[in-house]
Amino acid sequence: EPLKAETRKFNFYYGDNHALKNVDLPVAERMVTALIGPSGCGKSTLLRSFNRMHDLYPGNRYEGEIRLYPDDVNLVSPAVDPIEIRMRISMVFQKPNPFPKTIFENVAYGLMVRGEKRRSVLEEKVEEALRGAALWEEVKDRLDDLAFNLSGGQQQRLCIARALAADPEIILFDEPTSALDPIATASIEELIAEIKEKVTILIVTHNMQQAARISDYTAFMYLGELVEFGRTDELFVRP
Ligand code: ADP
Ligand code: ADP
């Protein structure tokens with residue numbers, strides 16, 4: 001498959017803490033790439049580098065490159081505006097984090113920030129994103145309810161709908177199911193399999209079985225290095 005992105009000799013420092021060391025990670029387009037490895041090995045740091053979340057903290061430093069294709073920009077170049085990147089690369093966190101707003105407003109937020117005011121367009125896009133996140137049927141009659149009234153699994157699907165509404169090229173998932181029960185976890189895994197038809201996915205998980213179930217490629221990290229990379233069906237014997 002063509003590459004959607006790749007890191008090249010990528011290093012990351014939290015001050016003196018050299019958290020990522022010469023990482024070369026290919027990210028295949030419209031595939032799921034899983035990052036796995038023990039706690040503290042750098043998975044989250046690597047994921048957050050893709051949308052420049054670290055920029056907010058002084059003392060953090062990048063070395064090397066993260067190329068995004070097809071335009072071939074270096075995501076960590078100081079010349080590249082992180083706001084632009086975040087319009088192309090969305091993130092879904094471990095704990096569902098809806099805004100203290102209605103279900104509708106949560107999904108429409110990104111569009112409204114970009115200046116979309118037409119109610120009919122917002123309604124159409126919100127429905128499309130909620131359908132994409134397999135949540136529409138459950139919430140279509142309560143779009144003006146506060147998002148906090150949803151269950152944990154529904155809130156996570158809402159966060160995925162919010163990410164989808166921005167029409168991103170990549171979605172970054174940071175342990176998206178570790179705060180969820182097994183049924184909600186299964187529904188998120190199913191959703192990821194559907195979303196990858198359209199969007200490239202990079203997912204951090206500490207759960208090897210989950211990586212084996214949902215990913216096309218797996219990267220094993222250890223002490224800040226990428227120590228093994230390959231097709232998931234060649235690295236794991238599937239159950
Ligand atoms: P998790 O494993 O759930 O990501 P952590 O305990 O690793 O939780 O990190 C919690 C928060 O503390 C994160 O925001 C992380 O960036 C920050 N953090 C982790 N390690 C350090 C450290 N050595 N110094 C400062 N902040 C850290
Ligand atoms: P993982 O996601 O694999 O658990 P992390 O990327 O959170 O690992 O952490 C990688 C390394 O960076 C660890 O040594 C951790 O303590 C350190 N670290 C994480 N966040 C921070 C932070 N905000 N400040 C300083 N060190 C951090």
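The values are calculated or read from the model by the stated rules, or taken from the named source; none is laboratory data. A quick note: this is a predicted structure, and the numbers were derived from the prediction, not measured. Cβ atoms come from the backbone with ideal geometry, glycine included; neighbour counts cover every protein chain shown. Heavy atoms of the whole protein, side chains included, go into the accessibility calculation; ligands, DNA and RNA do not. Shrake-Rupley method; radii C 1.70, N 1.55, O 1.52, S 1.80 Å.
Assess whether residue 138 counts as being modelled with pLDDT under 95 and either β-branched (Val, Ile, Thr) or farther than 23 Å from residue 52 by Cβ (or both).
Details: modelled with pLDDT under 95: no; either β-branched (Val, Ile, Thr) or farther than 23 Å from residue 52 by Cβ (or both): yes.
For residue 138, the condition - modelled with pLDDT under 95 and either β-branched (Val, Ile, Thr) or farther than 23 Å from residue 52 by Cβ (or both) - is not met.
Against the conditions (1) under 29 Å from residue 52 (Cα atoms); (2) without any contact (Cβ under 8 Å) to a residue 40 or more places away in the chain, residue 161 satisfies every one except (2).
You will find that of 43, 9, the residue that is within 11 Å of ligand 2 (Cβ to nearest atom), modelled with pLDDT of 95 or more and among the charged types (D, E, K, R) is 43 and no other. Within the stretch 13-37, restricting attention to residues that are near ligand 2 (Cβ under 7 Å from one of its atoms) and touching a residue at least 60 places away in the same chain (Cβ under 8 Å), which residue is farthest from residue 212 (Cα to Cα)? Only one residue tops the list, namely 19. Among the helices (runs of 4 or more DSSP H) confined to the stretch 154-239, there are none with at least 2 residues that are over 22 Å from residue 95 (Cβ atoms), open to solvent by 10 Å² or more (accessible area, probe 1.4 Å) and within 16 Å of ligand 2 (Cβ to nearest atom). Within the stretch 1-57, the residues that satisfy the criterion of being part of a loop (DSSP other than H, G, I, E, B), within 16 Å of ligand 1 (Cβ to nearest atom) and more than 24 Å from residue 194 (Cα to Cα) are 15, 16, 37, 38, 39, 40, 41, 42, 52, 57.
Among the residues of the stretch 123-139, the ones that are of a type outside the set (Asp, Glu) and open to solvent by 80 Å² or more (accessible area, probe 1.4 Å) come to 2 in all. Within the stretch 51-70, restricting attention to residues that are touching a strand residue (DSSP E or B) at 6+ places or on another chain (Cβ under 6 Å) and among the hydrophobic types (A, V, I, L, M, F, W, C), the residue that is surrounded by the fewest Cβ atoms within 10 Å (Cβ to Cβ) is 68. Number of residues in the stretch 106-153 that are closer than 21 Å to residue 180 by Cβ, out of contact with any helix residue (DSSP H, G or I) (no Cβ under 7 Å at 6 or more places or on another chain) and assigned to a helix (DSSP H, G or I): the value is 4.
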